[in-house]
Amino acid sequence: MNLKLVKKDFKLNKALYIMVLPVIAYFIIFKYGPMYGALIAFKNFSPGLGIMESPWIGFDHFMKFFENVYFWRVLKNTLLLSIYSILWGFPAPIILALLLNDVKNKKFKKSVQTITYLPHFISLVVIIGLLKSFAETNGLINDFLVLFNVERKPLLMQPEYFRTMYIASNIWQQIGWSSIIYLATLSNIDNNLYEAAYIDGANKWKQTIHVTLPGISSTIIILLILRIGRLLSIGYEKIILMYNPAIYETSDVISTYVYRMGLLNFNWSYSTAVGLFNSVLNFTLLIIANKLSRKYSETSLW
Amino acid sequence: MSAYYLKESKGEKVFYILNYIFLFVLSLTTLYPLYHVIIASVSDGNKLIAHSGLLFKPVGGFTLEAYTAVLTNPNILNGYLNTVFLLAVGITLQVAMTALGAYFFSRRNVLFKNVLMFLIVFTMFFEGGIVPFFLVCKDLSLINKRMSLVLPFLVSAYNMIIMRTSFASIPASLEESAKLDGAKHIDILFKIVLPLSKAVIAVMILYYGVGIWNSWFWASVFLRDREKYPLQLILREILIANDMSAMETTVDDVGIGESIKYATILVATLPILMVYPFLQRYFVKGVMIGAIKG
C-alpha cells in the first residue's frame, strides 16, 4: 500500500470517509476504549491517577483470582451452565423446525409459529418476574411437580434447581424464534432430492437423515461455532434477575462475579482482570471451534 | 418442502398424529402463562395468594382493582414516559448511524474498507469487559444522564452487517446514473438507497426497539434518580425485588399486591402484544438477511 494510492483514495472517497466518521468514532470510544481500559487489569488502578499513571503490578490480580476460594465455583458454574444450555437448548429449535416442516396443514403451522415466536419479545424482567411467581411454594410449577410426588418448596431458593429453571425458561422463550433460521434453510432444500430418495426406496426417517439434515448442516455448524465462541460468556442479566445469595453455589458465574466485584464493590482492577480472563478464554474457544470446523466440515466463520 | 411420498406407511401416520399433538401441547405451554397473567390480574388479590393450580377464571370474582392501582401509579407512568423518550431518540439515532456505516461498507473501491470492517467485526468477538466500559462512560460524564442509555449503544456491529448486506444488493446501475448527474453520496443514500430499503429499515427498528424496550441492566448501573428510570427498572422493583414501595400503595391489605404484580406485567407487555402481529412479517426477513453474512 503506497502513499500515492492512499492519497488518491482519500481524495476520491473523502465524502464517504466523512460519513462513516461518527460510526468509527463510536467504535473507537465505546468498543476500543474499554479494551484500552482493560489495561487496569495489570495495574493498581486509582481513578485519581488515571489509567496511564496507575502503577503496574503485572499478573497479581489474575493470581488473586486463581487463588480465590470462589475461583473454581464460578468457573465450574459457568462451564456447566453453558454446556447444559448447549446440550438442551441448541437442538431444541432444530427439532421444532423439523417437526414444523412436516406439518401439512398451513394454518396450523402458521399458528404454532406465531405463538412460539411471541415469548422472544417479552422482556426478561417480565419473564423472570413470572418465573418467580410460578416457582413459589404454592406456584404453578410446584403444582405440577406435586403430581410426581415432589415435595413443595420455593424452587428459586434451591441451588439444585437453578440450572434446570434457567435452561428451561430459556428454551421456553427462545425455541420458536431460534427455529426461524432453520425453517428458512429447510424451505430451500430442493424437492427433487426428496423425490429421488423416495424412488430409491428411502422412507420418511431415511429421507430426514439423508436429505433434510445434510441440507441444514452448514447452518447448524455455523450457529454451533458461534455458540461455542460464547461458551464462557453466559449472560449476566438473566442470572442477576434470577439469583440470590442462597443459590450462589450453582448460579454465580464469572460474569455475575465480575458484576458484583466491579460495579457493586468497586474493585475495578481486580474485576477487570477476571473479565479479561473470561474474554480471552472465550476468544480462544471461538478460534479453536472455527479451526476444527474448517478442518472437518469445510464450514467456517472465516 | 417436506418428505416426498405417495402413500403414508402406518408408522408415518402415527408420526404425523403425534407431531400434531406435540406441537399443540407446545403452543398451549407457551400461551398458558399469558392467559394466567390476564386472569390473575383481574382476580381478588387476597384469594389469589391462597390459590394454587391452574387458573381458568378470576379467583374471587372479576375486579379491576389492581388496574386502578397500576394505572394511577406515578412511577409506572413515569417509567413509561422515559421508555417512550428513549425509544424515540434511541431508534432515530441508532438507525441513522447504522445506515451511515452500512452505506460506507456497501461501497466498492474504498481502500480502507476491509481493514475497518475487520476492526468492527473483531469487537463482536472480543471486548474489554463491563468494568472498563463503565469507566469509559463515567469519564464521559454519562452517569445519571438519560443519554447514558443511548450513546454507548448507538451501533450494533451485527445490525450494521445486516444492513450492509441489504444495501449491497441494490443494483449499482441505479446509483451510477445518479452519480453521473452529480449526486453526492449523501443524496444517493437518502434518495436512492434508503427508499429501496424499507424492509431492512423495519427490521432495524424492530431489533433496536426491542433492545431499548427490554433493557434494564445499564439503566440500573448508570441512573441514580428514580424519575429517570425506564419502565423495565420500575418493573424489576415490583416483580423481582418484590418491593411494593415502588407502587406506593397506601392500601393496608397485602393481598392486592399479588394481583397488582400481574396487572403490572400486562400493562407493561401490552404494547409489545399489540404491535407483534404487524411486525411478524419482518421476522423471517430479518433473520435471513442476518444469516447471509456467515
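The values are calculated or read from the model by the stated rules, or taken from the named source; none is laboratory data. Bear in mind the structure is a predicted one, so any value in this text is a computation, not a measurement. For neighbour counting, all protein chains shown are included, and Cβ atoms are generated from backbone atoms with ideal geometry for every residue, glycine included.
Residues being within 13 Å of chain A (Cβ to nearest Cβ), within 29 Å of the chain's Cα centre (by Cα) and farther than 29 Å from A:L231 by Cβ are represented in the range B:122-139 by at least one member. Of the helices (runs of 4 or more DSSP H) that lie entirely inside the range B:151-225, those containing 1 or more residues that are among the small types (G, A, S) and farther than 17 Å from B:I91 by Cβ span B:157-168, B:172-180, B:217-222.
Results for (1) modelled with pLDDT of 70 or more; (2) closer than 30 Å to A:W302 by Cβ; (3) more than 8 Å from every other protein chain (Cβ to nearest Cβ); (4) surrounded by fewer than 20 Cβ atoms within 10 Å (Cβ to Cβ), shown as yes or no for each residue.
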position: B:F222; (1), (2), (3), (4): yes, no, yes, no
position: B:Q232; (1), (2), (3), (4): yes, no, no, no
position: B:D253; (1), (2), (3), (4): no, no, yes, yes
position: B:K261; (1), (2), (3), (4): yes, no, no, no
position: B:I272; (1), (2), (3), (4): yes, no, no, yes
position: B:F278; (1), (2), (3), (4): yes, no, yes, yes
position: B:R281; (1), (2), (3), (4): yes, no, yes, yes
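Identify all residues within the range A:182-204 that are surrounded by fewer than 17 Cβ atoms within 10 Å (Cβ to Cβ) and more than 8 Å from chain B (Cβ to nearest Cβ); write none if there are none. Explain how you work it out, then say what you get.
Taking the range A:182-204 first, the residues surrounded by fewer than 17 Cβ atoms within 10 Å (Cβ to Cβ) are A:187-188, A:190-193, A:195-196, A:199-201, A:203.
Selection gives A:N188, A:D190, A:N192, A:L193, A:A196, A:I199, A:D200, A:G201.
Considering the range A:187-212 alone, what residues qualify as being in a helix (DSSP H, G or I) and either modelled with pLDDT of 90 or more or β-branched (V, I, T) (or both)? Don't jump to the end; show me each part of the working.
Our first condition is that a residue be in a helix (DSSP H, G or I); within the range A:187-212, this holds for A:191-199, A:204-212.
Within the range A:187-212, A:I199, A:T208, A:I209, A:V211, A:T212 qualify.
Look at the range A:141-169: where a residue is assigned by TED's automatic domain parsing to the domain that holds A:L87 and a partner is among the polar types (S, T, N, Q) and not in a helix (DSSP H, G or I), sitting 6+ places away or on another chain with Cβ atoms under 6 Å, you get A:D143/B:S52; A:R152/A:T137; A:P154/A:T137.
Each row is one residue, and each column tells you yes or no for (1) touching a helix residue (DSSP H, G or I) at 6+ places or on another chain (Cβ under 9 Å); (2) assigned by TED's automatic domain parsing to the domain that holds A:I228; (3) among the aliphatic types (A, V, I, L, M); (4) more than 30 Å from A:P214 (Cα to Cα).
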site: A:L49; (1), (2), (3), (4): no, no, yes, yes
site: A:K64; (1), (2), (3), (4): yes, yes, no, yes
site: A:G89; (1), (2), (3), (4): yes, yes, no, no
site: A:I115; (1), (2), (3), (4): yes, yes, yes, no
site: A:P119; (1), (2), (3), (4): yes, yes, no, no
site: A:I128; (1), (2), (3), (4): yes, yes, yes, yes
site: A:G139; (1), (2), (3), (4): yes, yes, no, yes
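Exactly one residue out of B:F24, B:F62 is assigned to a loop (DSSP other than H, G, I, E, B) and hydrophobic (A, V, I, L, M, F, W, C), and it is B:F62. When the range A:6-54 is filtered for residues that are more than 31 Å from the chain's Cα centre (by Cα), facing chain B (nearest Cβ under 7 Å) and in a helix (DSSP H, G or I), the ones remaining, listed by number, are A:V6, A:D9, A:A15, A:L16, A:M19. On inspection, B:E127 fails the criterion of being charged (D, E, K, R), part of a helix (DSSP H, G or I) and buried (at least 17 other Cβ atoms within 10 Å of the Cβ). For the range A:243-270, a residue qualifies if it is crowded, with 21+ Cβ neighbours inside 10 Å, in a helix (DSSP H, G or I) and within 21 Å of the chain's Cα centre (by Cα), and the qualifying residues are A:S251, A:I254, A:S255, A:T256, A:Y257, A:V258, A:Y259.
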